[in-house]
């Protein structure tokens with residue numbers, strides 16, 4: 001497959017953990033992400049139609065960026081469900097010190113098992129991502145870049161425990177820590 005040129009723009013502010021910029025050239029193709037947590041392992045097939053997103057996610061994983069970070073948000077409201085991870089500060093405002101454009105949004109849907117990028121608006125993708133554990137009706141503003149192929153039971157168990165504040169949006173009641181994220 002031929003490569004795709006990606007643009008990653010250095011950003012500052014927030015709680016960043018900068019490990020460099022990903023390579024400009026992304027090689028589209030299917031990859032597998034193995035996300036090992038203290039609660040179990042989640043495996044996702046990464047989407048070739050979001051090559052710059054997969055390139056960034058793979059780059060961060062290769063730098064051990066996600067290792068020993070907490071999933072800081074559990075959203076379990078009617079029509080909207082997600083376990084959000086990838087923020088090294090576990091505050092919701094952390095990132096890798098760069099941003100990149102959205103991909104693959106035309107007609108995007110978020111069925112159970114979707115892996116998508118979290119963001120603070122158009123073109124603000126960084127390191128935060130989320131797993132959808134029930135079919136959800138998010139607006140098509142979040143780049144879907146993978147599908148869970150193993151580990152939905154792990155997500156279901158985390159969701160069933162609820163949040164630390166007893167509301168539909170908060171930190172998971174029991175801490176969820178990423179031990180490692182590996183791409184092959």
Exercise for the section: Over every pair of different alpha-carbon atoms in segment 88-155, take the mean of 1/r and invert it; report that Kirkwood radius in Å. Expected result: 12.6 Å
Exercise for the section: Kindly express, to the nearest 10 degrees and within the range 0 to 90, the angle between helix 152-161's C-alpha long axis and the longest C-alpha principal axis of the chain. Expected result: 50 degrees
Exercise for the section: Rounded to the nearest 10 degrees, what's the angle between the helix 51-62 long axis and the longest principal axis of the chain, both from Cα atoms, 0 to 90? Expected result: 70 degrees
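Take peptides 32-44, 154-166 and line them up by average Cβ neighbours within 10 Å, highest first, as a rough protection proxy.
The densest-packed peptide leads the list: 32-44, 154-166.
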Practice task
Using a 10 angstrom cutoff on alpha carbons, build the Gaussian network for the chain and name the most mobile of 167, 45, 84.
Solution key: 167
Exercise for the section: Before anything else, pin down the relative contact order of the chain: Cα pairs under 8 Å, at least 6 apart, normalised by residue count, whole percent. Expected result: 30 percent
Exercise for the section: Determine the percent antiparallel among the DSSP beta bridges restricted to segment 4-183, to the nearest 5. Expected result: 95 percent
Problem - Highest to lowest packing among 170-176, 6-12, scored as the average C-beta count within 10 Å - result: 170-176, 6-12
Exercise for the section: Along Cα→Cβ, 7 Å out, is where each label goes; now give me the distance between the ones at residue 15 and residue 122 in nm to one decimal. Expected result: 2.9 nm
Completion exercise
If R0 = 30 Å, then residue 165 and residue 27, at their Cβ-Cβ distance, give a FRET efficiency to the nearest 0.05 of 0.10
Problem - segment 1-103 - percent relative contact order, Cα under 8 Å, separation 6 or more - result: 34 percent
Exercise for the section: Take every Cα-Cα pair in segment 1-77 and report what % of them are more than 20 Å apart. Expected result: 43 percent
Completion exercise
Gyration tensor (Cα only) of the chain to equivalent ellipsoid, semi-axes in Å sorted down, yields 24, 18, 16
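Each reported figure results from applying straightforward, stated rules to the coordinates on display, with no laboratory input. Predicted model, so just to flag it, every value in this text is computed and none were measured. Note that we place each Cβ from the backbone using ideal geometry, even for glycine, and neighbour counts take in every protein chain shown.
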